[in-house]
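What follows is a single structure, written as structure tokens, with notes after it.
The values are calculated or read from the model by the stated rules, or taken from the named source; none is laboratory data. Worth saying up front: this structure is predicted, and the values here are computed from it rather than measured. Methodologically, a virtual Cβ is constructed for each residue, glycine included, from the backbone with ideal geometry; neighbour enumeration extends over all protein chains shown.
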Amino acid sequence: MTTKDWKGEVVDALTHLHKPGRKFSPAEYCEIIDDVVLQKLSASAIAEKHGSRDKVITALGHVTTGIQGGGGVRPLADGGWYEFRKPGQPYAVAPGFAVAWKEAHGLA
């Protein structure tokens, strides 16, 4: 079994988030991902905090595309970086991604 390079995946995600022409600013997207990674808020609370469910889904999609190049969200068991759980719960986040993201954003 190979170990995933989560630090490299975070760099890829951040590069993708910072591409010009995005609907929202990189800072707005990163604040959303910070909340997803910290796992203190439910998915609906994150959407409420950041203005809309669409904005959160867009941020999640940009990170997913940056990491895997598209093709939909992979389950955590298949190397994905996050999963939706049940309503009222935080997103599940791959531990390696969470550590790498926190380090990149000074959240560790």
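With respect to the conditions (1) surrounded by fewer than 19 Cβ atoms within 10 Å (Cβ to Cβ); (2) at pLDDT 95 or above; (3) over 11 Å from the mean Cα position of the chain (by Cα), P90 lacks only one, and its number is (1).
For segment 15-54, the candidate set comprises residues that are out of contact with any helix residue (DSSP H, G or I) (no Cβ under 7 Å at 6 or more places or on another chain) and among the aliphatic types (A, V, I, L, M); within that set, the residue that is nearest to T65 (Cα to Cα) is A27. Taken as a whole, the condition of being in a helix (DSSP H, G or I), buried (at least 16 other Cβ atoms within 10 Å of the Cβ) and on the phi < 0 side of the Ramachandran plot applies to I33. Among the residues of segment 1-30, the one identified as exposed (fewer than 13 other Cβ atoms within 10 Å of the Cβ), in contact (Cβ under 8 Å) with a residue 12 or more places away in the chain and of a type outside the set (S, T, Y) is K23. Tallying residues that are of a type in the set (V, I, T) and closer than 16 Å to G8 by Cα within segment 87-108 yields 1. Going by what's in this entry, would K102 be described as free of Cβ contacts under 8 Å to residues at least 40 places away in the same chain and in contact with an Asp or Glu (Cβ under 9 Å, 6 or more places away or on another chain)? Criteria not met by K102. When we screen A13, A77, A59, A100 for residues that are within 20 Å of T3 (Cβ to Cβ), part of a helix (DSSP H, G or I) and within 10 Å of the chain's Cα centre (by Cα), the only hit is A13. Residue-level check: of (1) within 23 Å of E103 (Cα to Cα); (2) out of contact with any Leu (no Cβ under 7 Å at 6 or more places or on another chain); (3) in a helix (DSSP H, G or I), G66 misses just (2). Select from segment 40-86 the residues that are small (G, A, S), crowded, with 18+ Cβ neighbours inside 10 Å and closer than 19 Å to E9 by Cβ and write down the one among them that is modelled with the highest pLDDT. In this case the residue turns out to be A59.
Being under 16 Å from E83 (Cα atoms) and either touching a Lys or Arg at 6+ places or on another chain (Cβ under 6 Å) or without any contact (Cβ under 8 Å) to a residue 60 or more places away in the chain (or both) is the filter here, so list the residues in segment 31-44 that pass it. Lay out the reasoning, then the answer.
Going through segment 31-44, the residues under 16 Å from E83 (Cα atoms) turn out to be 32-44.
If the condition is that a residue be under 16 Å from E83 (Cα atoms) and either touching a Lys or Arg at 6+ places or on another chain (Cβ under 6 Å) or without any contact (Cβ under 8 Å) to a residue 60 or more places away in the chain (or both), then I32, D35, V36, Q39, K40, L41, S42, A43, S44 are the ones that fit.
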